[in-house]
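J.: Okay, here's the structure, questions in a sec.
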Amino acid sequence: MGPVALAIHGGCGVMAKLDLSEEEWVAARADLARALAAGWAVLRAGGPALDAVEAAVVVMEDSPHFNAGYGAALNTAGAHELDASIMDGASLSAGGVTLATRIRNPVKAARKVMEAGDAVLLGGPAADDFARSAGLAMVEPDYFTTPRRVQALAAMKAHRAAGTAAKASEAEKHGTVGAVALDGRGHLAAATSTGGYNDKPAGRIGDSPIAGAGTYARDGVCAVSGTGKGEYFILHAVGHEVASRVAYLGESLEAAADKVIRGDLAEVKVGAGLVAVGADGSIAAPYNTDGMFRGWVTPQGETFVASHAEVFRV
Ligand code: ASP
């Protein structure tokens with residue numbers, strides 16, 4: 001078995017320390033550690049990277065601390081429209097769902113879409129119907145709603161009414177979860193899941209369900225999952241861009257990821273971050289905002305979680 005590695009993120013942003021209580025910061029980091037443990041259990045047992053990224057994302061979708069699944073952001077109409085995707089670096093196949101409203105774990109539906117092979121992306125009621133017929137757990141839309149997201153939507157609408165939307169804290173705006181993994185057979189995979197951004201227009205689709213933008217994996221190169229204003233991740237084809245720099249320019253994963261996040265996106269003033277794992281197990285987790293929920297397990301099995309500069313060993 002070759003080296004294995006895993007990295008996750010739970011969204012980036014200003015993440016002012018006052019946005020959450022100390023207990024909430026601790027609980028969010030604990031959920032990052034649980035997500036890593038779920039993915040790592042798969043990899044350590046010799047399982048596939050695809051299973052590892054799915055398992056890690058499911059834990060974060062089920063956590064209220066991140067903007068995906070339970071605890072997802074509300075759109076401007078006060079509804080949840082969820083996006084997710086998964087990509088297999090071995091076969092360059094991918095699956096995604098967008099504008100889903102009732103799928104408890106959108107990343108599981110993305111996996112089913114990939115496996116069915118008829119489409120790369122299914123949207124709206126068709127995505128919900130597909131997940132139901134695939135036997136996945138379905139929920140009422142209000143399952144996803146937490147008091148924090150209701151308050152965040154009200155706060156964002158108040159900012160808009162007052163013309164101060166730019167001043168809204170990042171916690172009121174967006175977030176996403178994602179995972180990337182290298183398995184013992186040398187295969188890479190990536191998965192991403194999100195509620196999009198707070199107060200987004202109804203019907204808006206972000207980068208997270210789109211292969212090449214918010215999610216990308218290619219064996220021998222890298223796997224990438226992004227977070228930040230999705231429109232720019234689509235326009236900059238971020239996942240594919242990072243992989244292309246590695247594959248065609250021969251840059252290290254860290255240099256390629258840094259150039260895109262701290263260079264290209266920072267230059268256009270887009271708050272952004274990503275996690276990536278290389279074919280050799282190298283890990284990059286750059287962000288150009290004040291913080292990014294993130295965590296990783298090294299090929300040696302050491303686990304780390306962080307939200308800001310301080311990194312905690314688990
Ligand atoms: N990328 C997500 C989206 O645009 C949001 C985020 O990561 O903050 O839907």
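The values are calculated or read from the model by the stated rules, or taken from the named source; none is laboratory data. Small disclaimer: the values here were computed from a predicted structure and weren't measured. Backbone-built Cβ (ideal geometry, glycine too); neighbour counts: all protein chains shown. These area figures cover heavy atoms from the full protein model, side chains too; ligands, DNA and RNA do not enter into them. Shrake-Rupley method; radii C 1.70, N 1.55, O 1.52, S 1.80 Å.
J.: If you go through the range 230-249 one residue at a time, how many are more than 15 Å from the chain's Cα centre (by Cα) and near the ligand (Cβ under 7 Å from one of its atoms)?
T.: 0
J.: Okay, moving on. Is it true that some residue in the range 8-18 is away from the ligand (no atom under 16 Å from the Cβ), modelled with pLDDT of 95 or more and basic (K, R)?
T.: Among the residues of the range 8-18, not one is away from the ligand (no atom under 16 Å from the Cβ), modelled with pLDDT of 95 or more and basic (K, R), which makes the answer no.
J.: Is it the case, given these coordinates, that L253 is within 26 Å of A41 (Cβ to Cβ), more than 16 Å from the ligand (Cβ to nearest atom) and of a type outside the set (D, E)?
T.: Judged against the criteria, L253 is a match.
J.: If you check F130 against the conditions, is it under 20 Å from the mean Cα position of the chain (by Cα) and surrounded by 15 or more Cβ atoms within 10 Å (Cβ to Cβ)?
T.: It is false that F130 is under 20 Å from the mean Cα position of the chain (by Cα) and surrounded by 15 or more Cβ atoms within 10 Å (Cβ to Cβ).
J.: I'm checking my understanding of the structure. Among residues of the range 289-308 that are in a loop (DSSP other than H, G, I, E, B) and in contact (Cβ under 8 Å) with a residue 12 or more places away in the chain, which one is most open to solvent (accessible area, probe 1.4 Å)?
T.: Filtering the range 289-308 for residues that are in a loop (DSSP other than H, G, I, E, B) and in contact (Cβ under 8 Å) with a residue 12 or more places away in the chain, the one most open to solvent (accessible area, probe 1.4 Å) comes out as D290.
J.: Within the range 142-164, is even one residue in a loop (DSSP other than H, G, I, E, B), within 16 Å of the ligand (Cβ to nearest atom), open to solvent by less than 40 Å² (accessible area, probe 1.4 Å) and in contact with a strand residue (DSSP E or B) (Cβ under 9 Å, 6 or more places away or on another chain)?
T.: no
J.: How many residues are more than 10 Å from the ligand (Cβ to nearest atom) and open to solvent by 10 Å² or more (accessible area, probe 1.4 Å) if we restrict to the range 216-229?
T.: 5
J.: Of the residues that make up the range 263-283, is at least one under 13 Å from the mean Cα position of the chain (by Cα), free of Cβ contacts under 8 Å to residues at least 60 places away in the same chain, under 24 Å from E61 (Cβ atoms) and within 16 Å of the ligand (Cβ to nearest atom)?
T.: No.
J.: Still on this structure, I have one more. Could you say which residue among A52, A38, A94, A33 is aliphatic (A, V, I, L, M), outside any helix (DSSP H, G or I) and either more than 16 Å from the ligand (Cβ to nearest atom) or at negative phi (or both)?
T.: Criteria check complete, one pass: A94.
J.: Identify all residues within the range 174-212 that are open to solvent by less than 20 Å² (accessible area, probe 1.4 Å), in a loop (DSSP other than H, G, I, E, B) and near the ligand (Cβ under 9 Å from one of its atoms); write none if there are none.
T.: Selection gives G175, T176, G195, G196, G206, D207, S208, P209.
J.: Another one. Of all the residues that make up the range 101-115, how many are charged (D, E, K, R), more than 19 Å from L74 (Cβ to Cβ) and touching a Leu at 6+ places or on another chain (Cβ under 8 Å)?
T.: Residues that pass the stated criteria total 3.
J.: Continuing with the same structure: Report yes if some residue within the range 76-91 is within 17 Å of A189 (Cα to Cα), touching a residue at least 40 places away in the same chain (Cβ under 8 Å), open to solvent by 10 Å² or more (accessible area, probe 1.4 Å) and charged (D, E, K, R); otherwise report no.
T.: yes
J.: Quick check on my filter: what residues within the range 250-279 are over 21 Å from A49 (Cα atoms) and of a type in the set (V, I, T)?
T.: V260, I261, V268, V270
J.: So which of A211, A202, A189 ends up being in contact with a Leu (Cβ under 6 Å, 6 or more places away or on another chain) and of a type outside the set (K, R)?
T.: A189 is the lone residue from the list that is in contact with a Leu (Cβ under 6 Å, 6 or more places away or on another chain) and of a type outside the set (K, R).
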